[in-house]
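Chemist: One structure, pasted below without further comment.
The values are calculated or read from the model by the stated rules, or taken from the named source; none is laboratory data. What you see is a predicted model; the values in this text were computed from it and never measured. When we count neighbours, we look across all protein chains shown, and the Cβ atoms used for this are built from the backbone with ideal geometry, even at glycine. These accessible areas exclude ligands, DNA and RNA; they are computed on the full protein's heavy atoms, side chains included. Shrake-Rupley method; radii C 1.70, N 1.55, O 1.52, S 1.80 Å.
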Amino acid sequence: MTQAAPTAWPAHDAQLLEQSIGYALGMVLAVTPVLLSRPTPCSEWDLRMLLRHACESLAAFGEGIDAGRVGLDPAAEDSALAADPARAFRDRAGHLLDAWTGPGHQRQVVEIAGCPLAASVMAAAAALEVAVHGWDISRACGQRQPIPRALATGLLVIAPVLVPRTGRHPLFAAPVTTGDTAEPSDRLAAFLGRSPAA
């Protein structure tokens, strides 16, 4: 059984998305070609694979905002993504931010495989995905920059609604236990199956 949605979905979903993209763009600046084979907190992915996945997610979220629907079939990997996944990440993150903050984002519903989803919920999911993969990128690059406190605190409110504690495999690992004094960034990463201490 999943947790019930909050009585009032955060009205600042756009702000969370903007902050998440800003954080992740800062983290991807550290990526160099030599680091692309480095391991990431996602145990089966190196940094190149993580960036490819993140780019696919950014493209899907952007499609939802632009077209009002998200297709289930991922687009074929383009040559820009294969050649320079960090640059592709920056380009797609910028496109998503432009799409969301531009005049066309007023749509209320995005269709995913024929099912309607509130655009605000999709923006919240995008914010969570982008921020946590920014955290992954930072770790893979040896930077260990936490998700900013206010952003992580906001995402901790919505994370249990978007990602249940049980039945989450194979998309997410089980939550990791943290101490009572853990910072919001570490608590968010741990909730999503990452070990902040690793």
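Chemist: Among the listed residues 37, 138, identify the single one that is touching a Lys or Arg at 6+ places or on another chain (Cβ under 8 Å) and part of a loop (DSSP other than H, G, I, E, B).
Modeler: Being touching a Lys or Arg at 6+ places or on another chain (Cβ under 8 Å) and part of a loop (DSSP other than H, G, I, E, B) holds for just one of 37, 138, which is 37.
Chemist: Follow-up. For segment 74-108, how many residues are modelled with pLDDT under 75 and surrounded by 19 or more Cβ atoms within 10 Å (Cβ to Cβ)?
Modeler: 0
Chemist: From the residues in segment 159-198 that are polar (S, T, N, Q) and part of a loop (DSSP other than H, G, I, E, B), which one is farthest from residue 130 (Cα to Cα)?
Modeler: Top of the filtered list is 181.
Chemist: Using the structure shown, decide if residue 147 is of a type in the set (Val, Ile, Thr), touching a residue at least 60 places away in the same chain (Cβ under 8 Å) and outside any helix (DSSP H, G or I).
Modeler: yes
Chemist: Only residues that are touching a helix residue (DSSP H, G or I) at 6+ places or on another chain (Cβ under 6 Å) and under 21 Å from residue 15 (Cβ atoms): list them for segment 158-186, please.
Modeler: Matches in segment 158-186: 158, 159, 162, 184, 185.
This table checks each residue for (1) in contact with a Phe, Trp or Tyr (Cβ under 9 Å, 6 or more places away or on another chain); (2) touching a residue at least 40 places away in the same chain (Cβ under 8 Å); (3) surrounded by fewer than 17 Cβ atoms within 10 Å (Cβ to Cβ); (4) farther than 23 Å from residue 197 by Cβ.
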position	(1), (2), (3), (4)
34	no, no, yes, yes
40	no, yes, no, no
44	no, no, yes, no
56	no, no, yes, yes
62	yes, no, no, yes
68	no, yes, yes, yes
72	no, yes, yes, yes
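Chemist: Is it true that residue 111 is in a strand (DSSP E or B) and at pLDDT below 95?
Modeler: In short, yes.
Chemist: If you don't mind, there's one more thing I want to ask. Quickly run through segment 172-198 and pick out the residues that are open to solvent by 30 Å² or more (accessible area, probe 1.4 Å) and of a type in the set (A, V, I, L, M, F, W, C).
Modeler: 172, 173, 174, 176, 197, 198, listed by residue number.
Chemist: Test residue 126 against the criterion of being in contact with a Phe, Trp or Tyr (Cβ under 7 Å, 6 or more places away or on another chain), surrounded by 19 or more Cβ atoms within 10 Å (Cβ to Cβ), assigned to a helix (DSSP H, G or I) and at pLDDT 90 or above, and give yes or no.
Modeler: yes
Chemist: Could you look through segment 139-171, keep only residues that are more than 19 Å from residue 20 (Cα to Cα) and open to solvent by 20 Å² or more (accessible area, probe 1.4 Å), and pick out the one that is nearest to the chain's Cα centre (by Cα)?
Modeler: 171
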